[in-house]
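The values are calculated or read from the model by the stated rules, or taken from the named source; none is laboratory data. Small disclaimer: the values here were computed from a predicted structure and weren't measured. Using ideal geometry, Cβ is built from the backbone for each residue, glycine included, and neighbour counts are taken over all protein chains shown.
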Amino acid sequence: MKDPQMTILHRFLHALPELLFTLRKPIMALVVLVTLGFATQIPALRIYTDFEGLLPQQNSFIKVHNEIRGLFGGANVLTVAVEVPDGTIFTNDNLALIDRVTRAIDGLPGVNHNLVSSLTHRTTRFISLTEEGSVRSEVYYNAALGALDADYLAAMQAKTLIDPRVYGILVSPDLKAALIKAQFVDGTLDYLGIFKGLSELRDRETTGGVKVYATGQPALIGWVYSYLPQSLQVFAYTAAIILVLLILYFRRFYGVVLPLLGITISTIWGLGGIVLLGYHLDPLMLVIPFLIAARAMSHSIQIVERWYQELARLRDGEKAARATLNEMFHPGALGIVCDAIGLILLVTGSVRLNFELGVFTALWALGCMLNVLVFVPLLLSILPTPRSTTVRHGVLRAGLTRVGHVVADRRAATLLSMAAACLVGGALFIAKDVTIGESEPGSPLLYRDHDYNLSSKAVNELFPGSEELLVLARVEEKGGIKDPEVLKAIEAFNNHMTNDPALGGVRAIPDLVRQVNKLIHNGDQRWEQIPGDSLLVGGVLFAYMASSPIPGILNDFVNPDADKANLAFFYKDHKGDTVDRAVATARVGADMVAAMGKGVSIELAGGVLGVAAAVNHDVAIDNMYVIPMVFALICGLVAITYRSVNAGLMMAAAMALPTTFSYAYLVVADIGLNINTVPLISVGLGIGIDYAIYIIDRIRDELHEHSDVRTAIGKAVATTGMAVTCTFTTLVGGIVAWVFVSDLRFQADAAKFLIFVIAVCAVTAMVFIPAWIAAFRPRFIVREMDADLAAATPDREVAAR
Amino acid sequence: MLFPKLAGAGGRLRACTAAVCVLIVAGPSAAEQAAVRRYDRFQSVIGDHNRLVAVGAFGAVVWSADNGATWSRTDLPNAPDLVSAALCDDGTVLALAFGGGLWRGGKDRGSWEAIATPAKDVLLDLTCDTNNRIWVVGAHGALLGSADRGRTWTDKSLDEDLQFLNIQFPTALDGVVTGEFGRVMVTRDGGETWTEAGSLGPDFYPQGMHFRDSLHGTVVGLGGAVLDTADGGQTWVRSQAPTEAPLYGVRTDGSGNIVVVGAAGSAFVRTNGTWQGLAGAPRADLRGIALTPRGPLVAGTGFLGPMTPSAAPHGAK
């Protein structure tokens, strides 16, 4: 019977499955051809990690960070610390050890040999003035001298203690550790080669209680690259898990083969699409593509499952396929669109990596509408009908039927609804403590007890104040940085920053000018001044440059045109409080400098703290917009589909539980909100909310056949609960291998978190949503009740409403 | 005696309490309120009775009326880089700016006035003699005196390519100036005439100087060098502090004991010819020393506080 209120769109959507079935041969041919076309693209798929893509490149801080790195270097710095177990480093054996490590690092591929710093390297010199004022520059350590006597070693230690360029910088304050830093040349580096050399060096020298720590970007990238082969391992485990799941679930040929075919076609489309879009596959972000592939398979499973059910009823494969397409298309399509919404909203995030991921996974998911949701029933319609049509899963179905009966009871449902409200309240209470950003030294890509992060922590503890906030001072005219008034304005900024007790030290050009001016005036403290004009400042800087044994000594401080200066502020950590305070202080300081009107502007900010501030800021913004957008779009879509505001509101309530639980999970698991977790909440909600749609849709369907809401709910939970369980287990099977196999915390945390979110969504769909429907009987559900049936068996509760 | 009140634990505790009051601050706002700030670069600290005044870069003037137990601060306008300070017997305080400016503070230390000098180049040290006459020295052999609080100046400069680095009047009549290239100038008539005394060495650069009377004085220099005179600067005896670090400041007490300070927190006391290290300062450059009833008070980069003898004695080299 035609509903006169139906719009043209609704009528079209209603008739679409039938139309698709009529056009099945051309559609199948199209899917095959497109699949072949995409398959030809796959060999061109590029798989690599774009570390730049992990940063919000549009953030002004990141732009400054990139500019500072481009102008002043420091992007690829390897930091190695050697800690001796007993005494100090000032023994012949320990100095020889440090020298060996230094030489090995100097020999790594791509090292800039002039930018290696270590107590035993030729570039590290004790510079002093003779009594008469002559400059004396001597290396600290010369291996050619052989064994050093006690007096020589004591003198070396004494020199170290009074040299601010060495003490606390290259030698730890307790004299038990030495730091070796190496900068690498720009361009494509052989990170695996560096990592291999570094690993061999550490294996060789870590003996007799000596500890060799390695941190810095080259070490991090080396570690990440070393784990990439694990992706293949994960793929193999996942394939095995999925096969076992399919066999356990169906034990039918079509039940195993067709879902595998579905996942294969969907994956070919997905990977081919990545190539056509000009994107690449990032190994760090593989969990989400795995989830989409698993999602494609779960759609296939449900279709085959439904087909077997229809086959049992209709005894005809083609009719069963037609019925399956008719019944599954609308909820399936709605579920896929919700998946795509969760995914496409990644593009609103600030990180390029998430943008690309959002685009191609959303398209990948939408592709499932044709290559799985439509193609699999069409394929089943032309395949031979099997003889056995037995539907198994008796035990599971019996359990779900019991669940259905419990949640459909109005009193139990009311209690469950209240419990859900309490759970949301409890989760909100825990979630209020969610932190933004990472608080530990090192990288969130790796586990906290990973060697890299332990190394970073050890280096931080041995050499306090190694976390940098970099700030750019800019003037319009070339050479403007040498203007004494500009230098004094920069110095005023530095002094303002120094008011923060968490600041360990400052490296900036005004202090360099003062120090060199003092040095060339017999080291007289009173001459520790900024000279009165630009020429004199230039002369001081030239004197410093000319006296240096290595080229580019000013590169850390000022660019060759002297219109930009790099101001480095050192902090002991990059915890949220430290970052917030440092940045807030810097903002006030920048305003203060602007108000001075000396023609210099202060631009924030790079370095570990600047990047952390940018990421934290953008994560907070993303979190503020992306999650509400997921809510609005999904609830709006559901409201439109069911032509009911109540339906949208119910969906919002259904999403509240997994959302609040997601944030509570982050607090309990001690994971900060970061560029990884915010997208995952979005994706998890998009994927997980499908269950709620299936349940709601099935309850409405059951009301066509059962006038009793309670029976309809019980039946819907028993039947669709199977689909939800199947989807949930498939999705978990698709990504669980990352949890156990991957040494990359980034991947394992993503998998764990997604499993948690979709588990909460599944429970919400099977328990709480039916309970809410049973308790509140929303109009958009009960209006589906067949009028004739309702008249025949009046439902008192409905009538009472 | 250098440490009369630090023998007991109570004295040490009080001294430390004073340092903590100065150095440990709770946060940016507290730091901005604090009298001593981490970015300060103190060049000089002077003491007289219970009064102490320290000056440094960025126009910082920090003073105490209770021997360093509590401190107050004034930042002079336009942030002049102050390199030296002097207390006059009339209660006024003088602060010398590197660029040639002179500042005079009243007894309350809160009000300061600028005094013009005829200096054409940088000025490096000043003193106020017992007749309240002001003397300043600096680059190009500058040696200027004023008997009328800076209104008019008498020029005794040598007009040579030479920096006069230190000036002191141990008595009303006896004054000493030391400078680059080991130059020593003395006066025995209150500054009317200046004559050359014994050289410190042709290339010696006296970073700091202090005379306890007209005859006995000490200068310090680079590489831990210490030179003493017992004849008003005519002859000098060289010795070595137990450090390779440059020494920037020296103070002698009435008994002939000296305190020296220098780079990277170097600080030593010489008592009867034996050197002992001083503890309590960070590894910062130290220059100013004032001897207070509580012991030596030291000023340097980001530090203004008392120092106490460390446990390990240093043998003199």
*Hey, B:LEU291 more than 14 Å from chain A (Cβ to nearest Cβ) and among the hydrophobic types (A, V, I, L, M, F, W, C) or not*: yes
_So B:ARG51 passes all but one of these: (1) buried (at least 22 other Cβ atoms within 10 Å of the Cβ); (2) closer than 26 Å to B:PRO282 by Cβ; (3) free of Cβ contacts under 8 Å to residues at least 60 places away in the same chain; (4) more than 12 Å from chain A (Cβ to nearest Cβ). Which condition number does it fail?_
(1)
*Output the number of residues of the stretch A:588-625 satisfying the condition of being over 28 Å from the mean Cα position of the chain (by Cα) and assigned to a helix (DSSP H, G or I).*
9
*Within the stretch A:481-527, how many residues are more than 10 Å from every other protein chain (Cβ to nearest Cβ), at pLDDT 90 or above, over 19 Å from A:TYR544 (Cα atoms) and surrounded by fewer than 20 Cβ atoms within 10 Å (Cβ to Cβ)?*
1
*Check the stretch B:232-248 and report whether any residue there is touching a His at 6+ places or on another chain (Cβ under 8 Å) and away from every other protein chain (no Cβ under 13 Å).*
no
*Of the residues in the stretch B:155-210, how many are assigned to a loop (DSSP other than H, G, I, E, B), within 11 Å of another protein chain (Cβ to nearest Cβ) and closer than 16 Å to B:GLY138 by Cα?*
4
_Per-region count, the stretch B:261-284, residues assigned to a strand (DSSP E or B), more than 18 Å from the chain's Cα centre (by Cα) and either away from chain A (no Cβ under 13 Å) or free of Cβ contacts under 8 Å to residues at least 24 places away in the same chain (or both)_ = 5
*asked:* Just to confirm my filter: which helices (runs of 4 or more DSSP H) fall fully inside the stretch A:409-526 and include at least 1 residues that are small (Gly, Ala, Ser)?
replied: A:410-431, A:451-462, A:484-498
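Going by the conditions given, is B:GLY11 surrounded by 16 or more Cβ atoms within 10 Å (Cβ to Cβ), modelled with pLDDT under 90, in contact with a Pro (Cβ under 9 Å, 6 or more places away or on another chain) and not charged (D, E, K, R)?
Yes.
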*Identity of the residue in the stretch B:75-97, buried (at least 19 other Cβ atoms within 10 Å of the Cβ) and of a type in the set (Val, Ile, Thr), that ends up nearest to the other protein chains (Cβ to nearest Cβ)*: B:VAL83
*Cross-chain or 6+ apart pairs with Cβ under 9 Å, the stretch B:217-232 first and more than 16 Å from B:GLN168 (Cβ to Cβ), then among the basic types (Lys, Arg) and in a strand (DSSP E or B)*: B:ALA225/B:ARG238; B:VAL226/B:ARG238; B:VAL226/B:ARG270
*Within the group B:LEU286, B:LEU297, B:LEU304, B:LEU278, which residue is closer than 22 Å to A:ILE169 by Cα and buried (at least 19 other Cβ atoms within 10 Å of the Cβ)?*
B:LEU286
*asked:* Just checking, does the stretch A:529-543 include any residue being in contact with a Phe, Trp or Tyr (Cβ under 7 Å, 6 or more places away or on another chain) and either more than 8 Å from chain B (Cβ to nearest Cβ) or at pLDDT 90 or above (or both)?
replied: yes
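Let's see how each residue does on (1) outside any helix (DSSP H, G or I); (2) within 14 Å of chain B (Cβ to nearest Cβ):
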residue	(1), (2)
A:ALA81	yes, no
A:ILE98	no, no
A:VAL101	no, no
A:ALA104	no, no
A:LEU115	yes, no
A:HIS121	yes, no
A:PHE126	yes, yes
*Given the conditions (1) on the phi < 0 side of the Ramachandran plot; (2) within 14 Å of chain A (Cβ to nearest Cβ), which single one is not true for B:GLY100?*
(1)
*asked:* Which of the numbered conditions does B:VAL237 fail, given that it passes all the others? Conditions: (1) surrounded by fewer than 19 Cβ atoms within 10 Å (Cβ to Cβ); (2) touching an Asp or Glu at 6+ places or on another chain (Cβ under 8 Å); (3) under 23 Å from B:GLY47 (Cα atoms).
replied: (3)
*Selected residue [closer than 26 Å to A:ASN460 by Cα and buried (at least 16 other Cβ atoms within 10 Å of the Cβ)] from A:VAL185, A:VAL212, A:VAL234*: A:VAL212
